[in-house]
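J.: Just passing along the structure, written as structure tokens.
Just so it is clear, none of the values below were taken in a lab; they were calculated from the coordinates. Predicted model only: the values in this text are computed from it and were never measured. Positions of Cβ are backbone-derived with ideal geometry, glycine not excepted, and every protein chain shown enters the neighbour counts.
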Protein chains: 2
Amino acid sequence: MTVVLPTIADARRWVKTERDAGRTLGLAPTLGALHEGHASLFRRARAECHRVAISIFVNPTQFGAGEDYERYPRTFESDRAMAQQEGVDAIFAPDVKEMYASPGEVMVDPGRLGEVLCGASRPGHFRGVLTVVAKLFHILPADRAYFGQKDAQQLVLIQRMVAEHNFPVEIVACPTVREPDGLALSSRNRYLSAEERSNATILYRALCCAESMLKRGVRQGARLEHEMQQMICATPGAELDYARVVDRWSLQPAELIDREVLAAVAVRFGKTRLIDNLLIAPQQ
Amino acid sequence: MTVVLPTIADARRWVKTERDAGRTLGLAPTLGALHEGHASLFRRARAECHRVAISIFVNPTQFGAGEDYERYPRTFESDRAMAQQEGVDAIFAPDVKEMYASPGEVMVDPGRLGEVLCGASRPGHFRGVLTVVAKLFHILPADRAYFGQKDAQQLVLIQRMVAEHNFPVEIVACPTVREPDGLALSSRNRYLSAEERSNATILYRALCCAESMLKRGVRQGARLEHEMQQMICATPGAELDYARVVDRWSLQPAELIDREVLAAVAVRFGKTRLIDNLLIAPQQ
């Protein structure tokens, strides 16, 4: 039976009981609108921890003006059913007032890593993400926390925050889950029209092309970027946000590639912004 | 016997042993150069918690360029003797490399509360303070953490960070300890020449004057500020940084005072910057 914890006090009580019994805890923070990508996190947590908690919270501070905070899908009943199905023990599902009782002044600042890639097009996004994740780690102190590789920059920033601020939690990165045609699962895919959905495979195809060029010996990051940009710009309805090849930890441009790097793309279809990425390495 | 913990791993092991035994922990973060003000924190912690840990760490990220990071007093042996005397169980005393293994990108940003008072003259100071305090709270998760009212803005910011980021710790504010002539104890008092030391009582005298004016019915914050500024500027060798009367939580100017407010002053004597404050309230 999956228990729903609507308040911070409920969450603290639940964790204390589990901790006092000596059980380990895995946490997977989510915005809800759960799909198979989330389920893969829950299963991994289930395999590695005595208890699994997830959070479902559409965090307003990580959405900018004009973004999709209002229309972001809220599907609590089906989310709960899926969590139950996957053996999740607890769902922390606070409302906005519970999470932000007073107007927030103190924020976690991602620094320069928050200014590139998605941070360039979504100013303030990663401040909101890191701040809410810090809050969740304090409310539900877990042994391990599970995040998808799909949100690569978010993952790097959370890993940096945890390392630099000495959070006593291990971050577990889980592989991106894809549709059969390669499209990365995302709660935002449901916004796409049939035509957009069909064209949206360009993100993964561009990334795969960069990977195969690199395997064939093209080691200049700029050439891989150029090829991805061309492919995306040639796709009907696709508006390029970025297509970059960067160091996987510093997120700075990878000029001549001699190790594993992050190829990352962001593309808009109408109002819908999709992201995807691959870790790619030259042939040894 | 007071144990010294030089590494983060040592600190985590020590805390785990105490936690597993069901003991509560009090923490008092310090920069060392301990004096009777610190001792009062340790005694309070001693009275309220099973175990008391302190940290001694001159945190480079809270000192600005041209400030006294290099010459800040480092007096570890006498600090250890005093901690032992006061029944402190553990001293976490990392070096800079241990605390900042990689160059820090992610910081805790105090927002607007970090831009006024001391934050205006010491840009970046409170980012450094909040970030290191967050790290200490993650390394030595305590039930209660003890801070002096002497550093009033630091105290408010830490209270805000703990509340807004849901740190599972109770912040205990302890009264300022003073010399018989009113000078607030500070590790920086030792920098003062005999003459500066004698004139440095102006901080407390100015604050007491503001308090007595308020008790006599002068409720305009600006008038209290003006009086304090005049007194400080008339003191030989004293260079006014600020003399303000502000709301004790928002740190915004208190115009017409109808509740307890914070009177706060900062004054330079040569290279030495001293601060002091009083919580003052109108006569009921």
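J.: How big is the dipole moment of chain A about its Cα centre under a simple scheme where the beta carbon of each Lys and Arg is +1, that of each Asp and Glu is -1, and everything else is neutral? Debye, nearest 20, please. Walk me through the numbers before you get to the answer.
T.: On the way: 35 positive and 35 negative charges, 53 e Å.
In total the dipole reaches around 260 debye.
J.: In addition: Of the cross-linked pairs A:LYS135/A:LYS271; A:LYS215/A:LYS271; B:LYS97/B:LYS271; A:LYS97/A:LYS150; A:LYS135/B:LYS16, which ones have a Cα-Cα span greater than 24 Å in the structure shown? Display every interim value, and only then the final one.
T.: On the way: A:LYS135/A:LYS271 30 Å; A:LYS215/A:LYS271 34 Å; B:LYS97/B:LYS271 28 Å; A:LYS97/A:LYS150 29 Å; A:LYS135/B:LYS16 22 Å.
Pairs exceeding 24 Å: A:LYS135/A:LYS271; A:LYS215/A:LYS271; B:LYS97/B:LYS271; A:LYS97/A:LYS150.
J.: Sticking with this one: Name the residue farthest towards the positive end of the dipole of the protein assembly as shown from the options B:THR2, B:SER187, B:VAL58, assuming +1 on Cβ of Lys and Arg, -1 on Cβ of Asp and Glu, about the Cα centre.
T.: Positive-end residue among those listed: B:THR2.
J.: So what is the relative contact order for chain B, in percent, with contacts set as C-alpha pairs under 8 Å and at least six apart?
T.: Here the relative contact order equals 17 percent.
J.: Taking a ≥ b ≥ c as the square roots of the eigenvalues of the Cα gyration tensor of the stretch A:176-217, is the shape rounded (a/c under 1.5), prolate (a/b larger than b/c) or oblate? Before the final figure, lay out each step's value.
T.: Values: a/c = 3.46, a/b = 2.19, b/c = 1.58.
Prolate, because a/c is 1.5 or more and a/b exceeds b/c.
J.: Per residue, what volume in Å³ does the convex hull of the Cα atoms of the protein assembly as shown enclose?
T.: Details: hull volume 100.6 nm³, N = 568.
With only Cα atoms used, the protein assembly as shown gives 177 Å³ per residue.
J.: Report the residues of the stretch B:230-245 in range of a label on B:ALA120: point 7 Å along Cα→C-beta, backbone N strictly under 15 Å from it.
T.: B:230, B:240-245, by backbone N distance to the label point.
J.: Where both residues lie in the protein assembly as shown, what percent of DSSP beta bridges are antiparallel, nearest 5? Provide the component values of the computation, followed by the final result.
T.: On the way: 45 of 83 bridges.
The antiparallel proportion sits near 55 percent.
J.: Out of residues 5 or more away from B:VAL52 or on other chains, whose amide H comes under 5 Å of its own, with H placed 1.01 Å from N in the peptide plane?
T.: Hits under the 5 Å cutoff: B:GLY26, B:ASP89, B:ALA90.
J.: I've got another one for you. Hey, could you grab the Kirkwood Rh for the stretch B:3-174? Inverse mean 1/r over distinct alpha carbon pairs, Å, one decimal. Don't skip to the answer; put the middle values down first.
T.: Details: mean 1/r = 0.0612 Å⁻¹.
Over the stretch B:3-174, the inverse of the mean reciprocal pair distance is 16.3 Å.
J.: Taking the Cα atoms only, what angle lies between the long axis of helix B:8-20 and the longest principal axis of chain B, rounded to 10 degrees?
T.: In chain B, helix B:8-20 runs at an angle near 80 degrees to the longest axis.
J.: Top mean-square fluctuation among A:ALA33, A:ALA222, A:ALA81, Gaussian network model of chain A, C-alpha springs under 10 Å?
T.: Maximum fluctuation in the GNM of chain A, among the listed residues, is at A:ALA81.
J.: Same structure again: When the dipole is taken about the Cα centre of the protein assembly as shown, and only Lys, Arg (+1) and Asp, Glu (-1) are charged at their Cβ, what size is it in debye, to the nearest 20?
T.: Working: 70 positive and 70 negative charges, 99 e Å.
The calculated dipole for the protein assembly as shown is roughly 480 debye.
J.: Still on this model: In whole Hz, what ³J(HN,Hα) sequence does the stretch B:208-218 give by Karplus (6.51, -1.76, 1.60; θ = phi - 60°), x for Gly and Pro?
T.: 5, 5, 4, 5, 6, 4, 4, 5, 7, x, 7
J.: I'd like the Karplus ³J(HN,Hα) series for the stretch A:164-172: coefficients 6.51, -1.76, 1.60, θ = phi - 60°, whole numbers in Hz, and an x wherever there's a Gly or Pro.
T.: Each residue of the stretch A:164-172 in turn: 6, 9, 6, 4, x, 9, 9, 8, 10 Hz.
J.: Follow-up. All other residues with a Cβ under 9 Å from the Cβ of A:VAL106 taken together, and with Lys, Arg as +1 and Asp, Glu as -1, what is their net charge? Don't skip to the answer; put the middle values down first.
T.: Details: positive: B:ARG160; negative: A:GLU105, B:ASP109, B:GLU164.
Charge balance near A:VAL106 sits at -2.
J.: Cut-off 10 angstrom, C-alpha nodes, Gaussian network model of chain B. Which of B:GLU179, B:GLU239, B:GLU255 fluctuates the most?
T.: Ranking B:GLU179, B:GLU239, B:GLU255 by mean-square fluctuation puts B:GLU179 first.
J.: Can you tell me the orientation of helix B:76-85 relative to chain B, as the angle in degrees between its alpha-carbon axis and the longest Cα principal axis, to the nearest 10?
T.: Approximately 80 degrees, to the nearest 10.
J.: Quick query: amide H of B:ARG248 versus all other amide H atoms, modeled in the peptide plane; which residues come in under 5 Å with a sequence gap of 5 or more or a different chain?
T.: It is B:LEU262, by chain and number.
J.: Which one of A:LYS16, A:LYS97, A:LYS215 has the biggest mean-square fluctuation once chain A is modelled by GNM with Cα springs under 10 Å?
T.: Looking only at A:LYS16, A:LYS97, A:LYS215, the biggest GNM fluctuation is shown by A:LYS97.
J.: Taking the Cα centre of the stretch B:154-247 as origin, sum charge times position over the Cβ atoms of Lys and Arg (+1) and Asp and Glu (-1), and report the length of that vector in debye to the nearest 20.
T.: Details: 11 positive and 12 negative charges, 46 e Å.
The dipole of the stretch B:154-247 has a size of about 220 debye.
J.: Tabulate in residue order the Karplus-calculated ³J(HN,Hα) for the stretch A:22-33, using 6.51 cos²θ - 1.76 cosθ + 1.60 with θ = phi - 60°, rounded to whole Hz; enter x for Gly and Pro.
T.: Residue by residue, the stretch A:22-33 yields x, 8, 7, 10, x, 10, 10, x, 9, 9, x, 6 Hz.
J.: Here's something else I'd like to know. Projecting each Cα onto the charge dipole of chain B (Lys/Arg +1, Asp/Glu -1 at the beta carbon, about the Cα centre), which of B:ILE171, B:ALA93, B:VAL129 comes out farthest on the positive side?
T.: It is B:ILE171.
J.: Can you find, among A:TYR242, A:THR201, A:VAL261, the residue farthest towards the positive end of the dipole of the stretch A:187-276? Put +1 on the C-beta of Lys and Arg, -1 on that of Asp and Glu.
T.: So the residue furthest toward the plus end is A:THR201.
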